Structure formats: C-alpha cells, structure tokens
Amino acid sequence: MAEIRFEKVCKFFDKARIIEDLDLTIQDGKFTVLVGASGCGKTTLLRMIAGIGPATSGHIYMDGRDITDTAPAKRDIAMVFQNYAIYPTMTVRENIEFGLKNKKVPKAEREALIKEYAAVVGLTDYLDRKPGTLSGGQRQRIALARAMVKKPAVFLMDEPLSNLDAKLRVQMRSELIELHNKLKTTFVYVTHDQVEAMSMADVIVLMDKGRIMQEASPEVIYNDPNNVFTAQFIGTPPMNIIDMPDGNKLGFRPERIALSYAPVQGDFTRKGTVLTREMLGSETLYKIDCSGNTYMAKIDDPNFAMGENVYVHVANEHLYFFDAEGQRIREKGNETLFAQLLKTAGGMSNV
Amino acid sequence: MSDLTLNTKPARRLTRKSVANNLFSWALVLPAILFLAVFTFYPLVNLIQLSLYRGNITNPYKTFRGIENYIDILVKRPQFMTTLKNTALYVVMYVPICLSLSLIFSVWLQKARKMNNFAQTCFFAPHLVATISSAFMWSWIFSPESSGIANGLIRLFGFNTHNWLGSSATAMVCVMIMNTWASIGHHALIFLSALKSIPGEVYEAAELDSSSSIKTFFKITLPMLSPQIFLMLITMTTNSFKIFESVRQMTGGGPGISTKTVCMFIYDNAFETNNTLGLAGAASIVLTIILMLITLLDFKGLEKKVHYQ
Ligand SMILES: Nc1ncnc2c1ncn2[C@@H]1O[C@H](COP(=O)(O)OP(=O)(O)O)[C@@H](O)[C@H]1O
Ligand SMILES: [Mg+2]
C-alpha cells in the first residue's frame with residue numbers, strides 16, 4: 001500500500017513539453033483511473049511512477065519518501081504495459097516466475113504463487129506454452145499475472161484491456177475490480193475509454209494535453225464537472241454546450257432533456273425538429289435542431305419520429321454554466337451572477 | 001490429425017489450370033536447378049572422380065588409384081592430418097572469440113550515444129578491405145623487428161621483442177586476431193539490427209522485475225538473438241575451416257607446417273607439387289564431408305534451442 005504524490009513535475013522530450021508543473025496525489029489503496037485522449041501524457045505519467053521514464057524536473061514521493069531518482073526495482077511497483085512487453089522467449093510460467101526468481105523467492109513459494117495467479121487470470125492450462133502461441137487476450141493476461149504475482153504496493157496498468165474483445169473486456173473489468181477489493185493496494189489504471197474509467201474508478205483523474213482537468217470520484221466528475229472539457233469528455237453523448245448572448249456558455253446533459261409535443265412553461269424550453277433518431281434499446285437518442293443549435297437528447301420514450309416538431313425542456317437544476325474560458329461558474333459564492341445566468345438562459349427560451 | 005482429414009478427402013483431379021500452374025512453377029525454378037546442376041553437382045562429381053586418380057592439372061586422369069589417395073592423406077602421410085588439426089585449432093579459437101566479441105560490441109553499440117555511428121563505421125571499415133591487404137598490414141604490425149607496432153607496444157611495457165609470426169606458439173593467434181579485426185564490424189552489424197528489433201518495453205519490464213543487467217543479457221537478449229547466433233555460428237565455422245589467404249600471406253604455413261591449413265594443403269597439392277592433384281581432390285572431399293557433418297550436428301544439437309519469432 002502506498003500513496004504517490006507528484007510535486008511540480010515536468011516532463012520534456014527534447015523541446016516537446018509533454019507535462020508541465022503537475023501536482024497530483026494518488027491516494028493509498030484507491031483504484032485511480034487516469035483517463036484522457038490518446039497522446040495526452042498518460043503513459044508518460046505512469047512511466048514516471050514506475051521509474052522507467054524519469055521526470056525532467058520536480059519530485060515524486062511514495063508514502064512521503066522521495067523516489068524521484070530511485071531505481072525501478074527498488075520501488076515496489078508492478079506495471080502492465082500497453083503492448084504487454086512479455087518476454088517472448090520464455091514460457092508463460094517463466095514469464096510469471098522471472099521477477100520472483102530475481103527477488104530470490106524460494107522455489108516452493110514461487111510454485112504456489114504461480115499456481116494461484118495463473119488460476120486468477122485463467123492461464124493454468126497454458127503455463128508451459130510460449131507466448132507466441134497464445135492469443136492477444138491471453139498474452140495480456142500473462143502480463144497481468146506477472147504483475148500481480150509480485151504483490152506490489154502500487155499496481156500500474158497501461159490500457160490493459162484495450163486489446164481484448166468486448167466480452168472478455170467486460171469480464172476482466174469486473175475481475176480487476178474484484179482483485180482490487182481483495183488486495184486493497186493502490187491501483188493506477190490508464191485508459192482512454194471514459195466508460196471504463198467511470199465503471200472502475202474510485203477516483204478519476206481526467207487529463208488533457210499533460211494537464212489535469214479534474215480529479216474526483218465518478219459521481220462528482222459526472223454531476224459536477226469543473227469545466228467544459230470534463231463535461232464533454234465524460235458521458236455519451238457528451239454534454240450539450242451552447243453559447244449564451246452574454247459570452248458565457250450553457251450546458252446540459254442529453255439525459256436531462258425532456259421532450260414533448262406541447263410546450264412546457266418556465267426554465268429552459270425551446271422549440272425544435274427531430275433530425276435523427278437512434279434506438280439504443282432501453283433508451284433512444286435524438287438529434288434535435290432548435291433554430292441553428294443542435295442538441296443531443298437521450299430519453300426513454302422511443303416514439304418521437306424524424307421530422308416531428310417537439311419542445312426541448314431542461315429544468316433549471318440541470319443547467320450548468322461556464323465562463324468564456326470554459327471554467328465552471330457555480331452558484332455557491334456567485335449567487336447574484338448565477339441568478340443572472342439563469343435568467344439569461346430562461347430568456348433564450350422561445351415559446 | 002491433419003493427415004487423417006487429408007486422406008478422407010477425395011483425391012483432387014488435376015485440372016488443366018493446375019497443370020499449367022505446375023508447369024509455370026517448374027519454369028520458375030528451372031534456372032536455379034540448372035545453375036546448381038552445372039556449377040555445383042557436376043563439379044562435385046568431377047571432384048570425386050578426380051580424387052580417385054593420380055595426375056596433374058594438364059593431365060588429371062593419368063592412372064586410376066581407387067581409394068589410395070584417401071588412404072594416403074588419412075593414414076600414410078601425416079601432413080594432411082596436421083593441417084586438419086591446425087585448422088580445427090584455429091576454428092575452435094576464432095569462432096567463440098569472434099562471436100562473443102561481436103555480440104559484446106553490438107550490445108555496446110545499441111545504446112544511443114553520439115559516438116556510436118562513428119564507432120560503427122570504424123569497426124565496419126576493415127570488412128571492406130581485401131583480406132590480402134589486411135593480412136599484409138597485420139604482417140607489418142606483427143613484424144619481428146622492433147619497428148612493428150606489436151613489438152613497439154610490448155617494449156613500452158618493458159618486455160623483449162617477440163617474433164610473433166615466426167613462433168609456432170603465437171603465429172596462429174596473430175592470424176586469428178587479424179581475421180577477428182576484419183569481420184567483427186560486419187557480425188556486430190547483423191547482431192545490432194536484431195537487437196534493435198527487441199522492444200524497449202521488454203527491457204523496462206525486466207528492470208521492474210529486478211533483473212540485473214547480466215541476467216537481462218543472458219535471459220532476454222541472448223535468447224532473442226538466438227536465430228542470428230545460430231546462423232553466424234554455422235557460417236563462421238564453415239568459413240573459417242576454409243581459411244587460406246590470410247594464413248598464406250601472414251605465415252606461409254610456417255614455422256614449419258605449424259600453421260598450414262587444409263586449404264593450403266589442397267592448394268599446394270593441386271598447383272605446387274606434381275602429380276598430386278588426386279590428393280588435393282581427396283582432401284577437398286574430406287573437408288566437404290567434415291563441414292557437412294558439423295553443419296548437421298549444429299542443426300541437430302542446437303536448432304531446438306533457437307527461438308524463432
Ligand atoms: N520517447 C518519446 N519521445 C518523444 N516524444 C514522446 C515520447 N514518448 C511520448 N512522447 C510524446 O508525449 C506525448 C504523450 O505520450 P503518451 O504519454 O504516450 O500519451 P498517452 O499514453 O496518453 O496516449 C505524445 O505527444 C507523444 O508523442
Ligand atoms: Mg499510452
């Protein structure tokens with residue numbers, strides 16, 4: 001178990017400034033998910049924790065101990081690499097055993113551990129096979145077993161499920177959650193998939209271009225985003241954002257829209273036309289054109305048809321406001337401004 | 001399993017199209033087969049024939065001797081066995097030393113350093129120099145006079161000058177040093193390209209697995225290079241068994257015949273002494289058989305250990 005703390009950490013590749021002045025605390029024993037678009041610096045961050053891609057400046061602490069310049073082997077950390085990085089010339093057993101042997105774990109104990117973790121990842125029947133003869137999903141599970149068997153204080157995973165098929169991915173997802181509940185060690189999990197982040201995380205760290213946009217629980221990230229980026233990254237489809245006459249921005253989630261044939265009075269209500277309709281199963285996705293603005297709406301009722309005239313209604317409590325830079329304007333501390341914004345939004349209604 | 005399923009299928013009839021396909025395939029391999037027949041199989045048969053006669057270049061088939069030539073070189077005249085022993089000794093020294101040095105050198109080159117491109121060029125350059133020129137150069141380096149670099153160096157450290165190429169203890173070692181120098185860059189380059197195909201993450205994973213750099217080398221790098229090592233082992237062994245130019249230039253087989261190699265024996269009997277062409281032929285056949293056996297043993301003994309991707 002360990003807490004990881006970044007303090008003013010920068011990472012440059014030659015002239016490219018990938019991460020600048022990053023401060024972040026990864027809590028002990030939590031399942032932390034780093035999520036962000038491809039190329040935003042997630043792997044770079046993970047590699048700094050592991051010690052295989054040292055920070056350009058700043059400090060990294062593990063339980064208060066400065067590990068900025070500590071060798072990877074001395075960090076009590078295990079990592080699952082994005083492209084597996086298993087040892088191709090070793091059998092599955094040798095792959096899992098390699099780290100244990102290097103740490104001089106006695107043979108009997110090694111055997112027991114290999115047996116235990118091969119069973120966890122479902123590779124018991126493949127222990128004497130070479131990785132080259134196994135599928136992508138099986139190779140990924142070798143990498144997982146190899147990391148788990150070391151019982152590290154911090155468990156780093158770089159998109160470990162991205163190469164699995166959808167079914168296995170969902171299965172491994174819940175197995176990882178279970179594993180975390182059992183081990184209670186610090187997990188740092190990287191993904192570009194917000195659904196994966198939402199479903200697995202205790203804490204989500206949302207990144208964009210090397211900066212942290214928000215760090216919070218999935219509930220808070222979803223319900224109380226700090227900025228337009230977070231609001232639009234999390235949730236499918238993303239939050240509807242429209243410009244207000246005063247230069248600020250108004251946002252509301254597709255799930256919070258109510259559609260009706262008759263106008264609803266009060267709050268935010270606009271007249272529109274259904275452009276497209278996508279039946280998703282329990283819910284239906286509509287694209288609605290309201291005189292120039294298009295909104296996405298996700299509602300239970302599948303009975304609106306394309307081309308129909310409808311009214312879009314969002315209650316005041318589901319409206320979010322952001323300033324021109326995209327930062328959230330919250331009611332608390334800004335009561336007068338907030339009331340003004342609500343009034344402006346109401347004024348945008350056209351019924 | 002697959003044999004069974006194949007057998008249960010009805011025999012496929014040759015359609016006109018597949019006959020045409022077949023002809024086309026044969027047409028494609030025909031030039032290669034013809035080439036082999038004319039330039040490999042025919043000369044080999046010729047060589048066997050040659051080894052059964054007494055004669056010289058102008059009149060190879062003077063008298064038929066049967067296997068007398070073989071009995072001569074293998075039993076009656078000790079010179080061939082001595083040259084075979086000399087050559088084997090050279091191979092046993094040269095192959096492991098040159099192979100491990102090229103490996104070490106390629107690992108060293110692998111690290112991204114500024115000077116490495118330069119070093120790579122420097123080490124590869126000798127490969128471009130004709131063996132005869134290299135041998136000439138190294139004869140001068142190992143010159144018995146104190147003007148030779150080798151003697152100059154050891155005098156610097158207070159030792160007496162040594163007749164490097166004129167002493168049976170060091171002559172073969174000098175030839176080996178020359179040939180190692182000439183080929184190390186070439187071999188290292190082959191290893192280097194294989195090393196560069198190993199993903200960096202594998203090494204990082206090993207680092208996280210607390211693997212020491214020596215252990216990483218023997219457990220990860222070396223197995224990954226096994227196809228190249230295997231190939232190199234075979235080509236180096238067979239090539240160095242055929243060593244000729246460099247020894248001939250540097251030592252002339254001396255002192256005495258202490259550095260005379262099999263190929264020098266063949267050359268001398270074919271071109272220098274009269275009516276011994278049959279002996280040269282027999283020696284060639286024996287050498288060929290030895291090389292075939294070694295290659296076969298290499299494959300039998302080592303191929304299982306080679307990791308193919
Ligand atoms: N070794 C490297 N040299 C130069 N640039 C790099 C290197 N590694 C990563 N980068 C750059 O850093 C940025 C972040 O990369 P990465 O951390 O791998 O992103 P992510 O894992 O979030 O997809 C990318 O723009 C990438 O091009
Ligand atoms: Mg990545």
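The values are calculated or read from the model by the stated rules, or taken from the named source; none is laboratory data. Nothing here was measured: the structure is a model prediction, and the numbers come from that model. Every residue, glycine among them, receives a Cβ derived from its backbone with ideal geometry; neighbour counts consider all protein chains shown. When the accessible area is computed, the model is the full protein with side chains, heavy atoms only, and any ligands, DNA or RNA have been set aside. Shrake-Rupley method; radii C 1.70, N 1.55, O 1.52, S 1.80 Å.
Summary of values
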quantity	calculated
Flag if A:Thr43 is away from ligand 2 (no atom under 16 Å from the Cβ), among the hydroxyl-bearing types (Ser, Thr, Tyr) and either part of a strand (DSSP E or B) or closer than 28 Å to A:Gln138 by Cβ (or both)	no
Verdict on A:Ala145 being within 14 Å of chain B (Cβ to nearest Cβ) and not basic (Lys, Arg)	yes
Check on A:Ala55, over 21 Å from B:Ile198 (Cβ atoms), more than 14 Å from every other protein chain (Cβ to nearest Cβ) and in a helix (DSSP H, G or I)	no
Count - residues of segment B:125-136 that are exposed (fewer than 14 other Cβ atoms within 10 Å of the Cβ), among the aliphatic types (A, V, I, L, M) and assigned to a helix (DSSP H, G or I)	3
Qualifying residue in segment B:106-124 (condition: in contact with a Lys or Arg (Cβ under 8 Å, 6 or more places away or on another chain) and surrounded by 21 or more Cβ atoms within 10 Å (Cβ to Cβ))	no
Segment A:58-68, residues that are surrounded by 18 or more Cβ atoms within 10 Å (Cβ to Cβ) and either touching a helix residue (DSSP H, G or I) at 6+ places or on another chain (Cβ under 6 Å) or assigned to a strand (DSSP E or B) (or both)	A:Gly58, A:Ile60, A:Met62
Unique match (being within 12 Å of ligand 1 (Cβ to nearest atom), within 28 Å of A:Glu178 (Cβ to Cβ) and either part of a helix (DSSP H, G or I) or more than 9 Å from chain B (Cβ to nearest Cβ) (or both)) among A:Leu24, A:Leu34	A:Leu34
Filtered residues of segment A:31-45 (kept if of a type in the set (Gly, Ala, Ser) and touching a residue at least 60 places away in the same chain (Cβ under 8 Å))	A:Gly36, A:Ala37, A:Ser38, A:Gly41
Among (1) within 28 Å of A:Lys167 (Cα to Cα); (2) within 16 Å of ligand 1 (Cβ to nearest atom), the one test that A:Ile60 misses	(1)
Unique residue being open to solvent by less than 40 Å² (accessible area, probe 1.4 Å), under 29 Å from B:Gln120 (Cβ atoms), within 14 Å of chain A (Cβ to nearest Cβ) and in contact with a helix residue (DSSP H, G or I) (Cβ under 9 Å, 6 or more places away or on another chain) when the list is B:Ile234, B:Ile220	B:Ile220
From A:Leu156, A:Leu100, A:Leu123, residue being within 16 Å of ligand 1 (Cβ to nearest atom) and open to solvent by less than 20 Å² (accessible area, probe 1.4 Å)	A:Leu156
Unique match (being more than 13 Å from ligand 1 (Cβ to nearest atom) and in contact (Cβ under 8 Å) with a residue 60 or more places away in the chain) among A:Ile4, A:Ile49	A:Ile4
Single match in A:Ala78, A:Ala71 (criterion: within 9 Å of chain B (Cβ to nearest Cβ) and either in contact with a helix residue (DSSP H, G or I) (Cβ under 6 Å, 6 or more places away or on another chain) or within 16 Å of ligand 2 (Cβ to nearest atom) (or both))	A:Ala78
Any hit, segment A:3-11, residues being open to solvent by less than 60 Å² (accessible area, probe 1.4 Å), within 16 Å of ligand 2 (Cβ to nearest atom), of a type outside the set (Ser, Thr, Tyr) and outside any loop (DSSP other than H, G, I, E, B)	yes
Strands (runs of 3 or more DSSP E) within segment A:281-351 that include 2 or more residues open to solvent by 30 Å² or more (accessible area, probe 1.4 Å)	A:284-290, A:293-299, A:309-314
Qualifying residue in segment A:63-80 (condition: within 16 Å of ligand 1 (Cβ to nearest atom) and not basic (Lys, Arg))	yes
Segment A:126-140, residues that are open to solvent by 40 Å² or more (accessible area, probe 1.4 Å) and under 29 Å from the mean Cα position of the chain (by Cα)	A:Ser135, A:Arg139
